[in-house]
Amino acid sequence: MKRLDLMREVLDQEIVDVDGVACGMVDDLEFRDTPQGPVVAALLVGPGAWQTRLPALLRVLARWVFGDGRVPVPWSEVKDVDERVQLKSKAEALGLGVLDRRVGAWLRRLPKS
Amino acid sequence: MNFGEIFLGILTAMGGFVEIGELTFSLNAGTHFGYQLLWITALGTVGIMVYCEMAGRIAAVRQRPVFTLIRERDGFSAGLATLVAANLVNLLTCTAEIGGVAMLWQLLSGWPYRPLLLLALLFFLATVWLLKFEWIERVFGLGGLMMIVFIAAWWKLGPDWSAVGAGFVPRWPQTEGKRDTLLYFYYAVALLSSIMLPYETYFYASGGIEDKWTPKDIGMNRMVVVVGFALGSALSVALVGAGVEFFAPRHVDPQLPGTAALSTAHAYGRLGLYLALLGMFFAFAGAAIETALSGAYNLAQFAGWPWGKEKRPRDAGRFALSWIVVFIGGTLIALTGVDPVQVVEYSIVFSVVVLPFSYFPVLMVANDRRIMGKHANGPIAKALGWFYLVLITLAALAAIPLFFATHGGQG
């Protein structure tokens, strides 16, 4: 069984989807209670996830600027963890990288894009 | 081994050593303090070589860019603070370089400054949009080499070699009074900071990943770093020399980049003038591109977005939008009429505060055998890494008090 240091090897690591496309960072972790103790339920991605790690005043400011959206990625979707957290599915299917695709679609209208 | 990679080193070094801020800074250091600060140039050059080599090695072995390491090793809050400060430095430096390019075009064309700023913006947007990364490296790295005319002009002025040699020996400054001594230390800290500018490391490591380095490129990385930064450093020394030998005797305190070209015009006439102006154009433009791309690299790497100039904009949307925003933001700030040289001099001083937070994670990862395997730092790299980390931390602590004590270097 692979031993994982959640703080050093999962939190704040880059997430890549099944095609190797970068689709965010592990901004926070969600735990679930089980009779054996807490287990990781999901990776949390997005402003709503990292804001909780900021000092209170900055948290308010960050929420105002970036909103508080966050996407939970179930731990069962994680294929492997090395220097990146690799997922089993495409980013789109998990609701990740939405803004990137939106901006990309907009830039696509320009020549040589 | 691909020798084309040398241009990444040259472009990175040019963007750090002879961008508009350090160009005027070196000239002023020469006019104020003669060759007394050359040892700082040498000290800083070795420092930036050490850290860029490490960051390049990490890029080659693990394909991990600097801001990913910053977030992982400094933690989220300190990493975010570093990101904000680093990108503020990028934005202000980019502002100054766009202003510098417009100033040079103004000298050559006689057109008004503000429309030229807009023209410069269009030039940068089109260049970065259309050129592949390796062509950006080649065009601006090679073009910047025209700055070598400053070394030739300094040589022709017949420098006092014993004074130059003595300048490389660290010593207590020979100044008039306490105020001048403080100013000397302000210049020392600012010069060290301007040589070890953080965006050089961010850009260099990201460029290595863009160029798809592998562990086989480690030897080349070392060579690129040494050649690129030694050349940048030699240019910086030649500019100090121009300050000492040309401007100080004429009681000229050069504040505009165009003034620098007077020393080469004096030595080589019209040819010297044009070479210097063209060289400055490529160096400033290279620095503008370096800082705009570095801003986008930093953001994308911190937030986990797809990134890279090698990716099509449609596939790395937010990354492309980020560098576009840096260029537009820089131009808007320059349009307010702020003095580009002043802007960059302030940003240089504040950037030293970012340095320890940027270099600490690089050192930690490069030292780590579990991550780097046989390519981890050896005893020399480790010792140099720690020495410079302590040095820049001391410089970071001294920077802001010195800035206020000397009224921003005005004495």
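The values are calculated or read from the model by the stated rules, or taken from the named source; none is laboratory data. Quick caveat, the model's predicted, so the values are computed rather than measured. Note that we place each Cβ from the backbone using ideal geometry, even for glycine, and neighbour counts take in every protein chain shown. The protein model used for the area step is the full one, side chains on, heavy atoms only, and it has no ligands, DNA or RNA in it. Shrake-Rupley method; radii C 1.70, N 1.55, O 1.52, S 1.80 Å.
Annotations for the structure displayed:
- In this assembly, the B-A interface accounts for approximately 2300 Å² of buried accessible surface in total, computed with a 1.4 Å probe and without ligands, DNA or RNA.
- Delta accessible area of at least 50 Å² on complex formation, residues of segment A:1-46, 1.4 Å probe, chain isolated as reference: A:8, A:12, A:25
- Scaled radius of gyration (Cα, divided by 2.2 N^0.38 Å) that the protein assembly as shown gives: 0.99
- Only lysines eight or more places from residue B:382 in sequence, or on another chain, were considered; those with a Cα closer than 30 Å are B:212, B:216, B:374.
- Here the Karplus relation 6.51 cos²θ - 1.76 cosθ + 1.60, evaluated at θ = phi - 60°, turns the backbone of segment B:18-23 into coupling constants of 10, 6, 3, x, 6, 4 Hz, with x for every Gly and Pro.
- Within the accessible surface of segment B:174-255, defined with a 1.4 Å probe on protein heavy atoms only, the carbon and sulfur portion equals 59 percent.
- Distances between placed amide hydrogens fall under 5 Å for residue A:29 paired with A:44, all partners being 5 or more residues away or on another chain.
- Taking B:233, B:109, B:206 as the candidate residues, the one with maximal mean-square fluctuation in a Gaussian network model of chain B, Cα springs under 10 Å, is B:109.
- Listed residues B:130, B:99, B:81: farthest to the positive end of the dipole of segment B:39-137 (Cβ charges): B:81
- Over segment B:3-405, accessible surface divided per residue gives 35 Å², non-protein components excluded, 1.4 Å probe.
- Sequence-distant residues sharing a close amide H with residue B:368 (under 5 Å, placed H): B:377
- Panel note: contact residues of segment A:54-87 (accessible area lowered by at least 20 Å² against the chain on its own; 1.4 Å probe) correspond to A:54, A:83, A:84.
- Karplus-derived HN-Hα couplings along segment A:33-50 (A = 6.51, B = -1.76, C = 1.60, θ = phi - 60°), whole Hz, x at Gly and Pro: 7, 9, x, 7, x, x, 10, 5, 9, 7, 8, 10, 10, x, x, x, 7, 7
- Residues of segment A:1-33 with amide N under 17 Å of the 7 Å Cα→Cβ point at residue B:325: A:24-25
- Spherically averaged projected area of the convex hull of Cα atoms, segment B:3-405: 18.4 nm².
- Table column - 3J(HN,Hα) (Hz), segment B:146-159, Karplus curve with 6.51, -1.76, 1.60, x for Gly and Pro: 4, 4, 4, 4, 5, 5, 5, 5, 5, 4, 5, 5, x, x
- Counting, for every residue in B:124-133, the Cβ atoms of other protein chains within 10 Å of its Cβ and taking the mean gives 1.
- Residues whose amide H lies under 5 Å from that of residue A:95, counting only those 5 or more places away or on a different chain, are absent; hydrogens are built 1.01 Å from N in the peptide plane.
- Relative to the current alpha-carbon distance between residue B:342 and residue B:374, full extension at 0.36 nm per residue lengthens the span by 7.0 nm.
- Gained length - residue A:5 relative to residue A:105, 0.36 nm times residue gap less alpha-carbon distance: 32.2 nm
- A Förster radius of 30 Å combined with the Cβ-Cβ distance from residue B:185 to residue B:255 puts the calculated FRET efficiency at roughly 0.90.
- Maximal additional length on extending the residue B:214-residue B:166 stretch stands at 13.1 nm, based on 0.36 nm per residue less the C-alpha distance.
- Rolling a 1.4 angstrom probe over chain A with all protein chains present gives an accessible area of which 58% lies on carbon and sulfur atoms.
- Inter-label distance, nm, simple model (7 Å from Cα along the C-beta direction), residue B:131/residue A:32: 5.3 nm
- Chain A - charge dipole about Cα centre, Lys and Arg +1 at Cβ, Asp and Glu -1, debye rounded to 20: 480 debye
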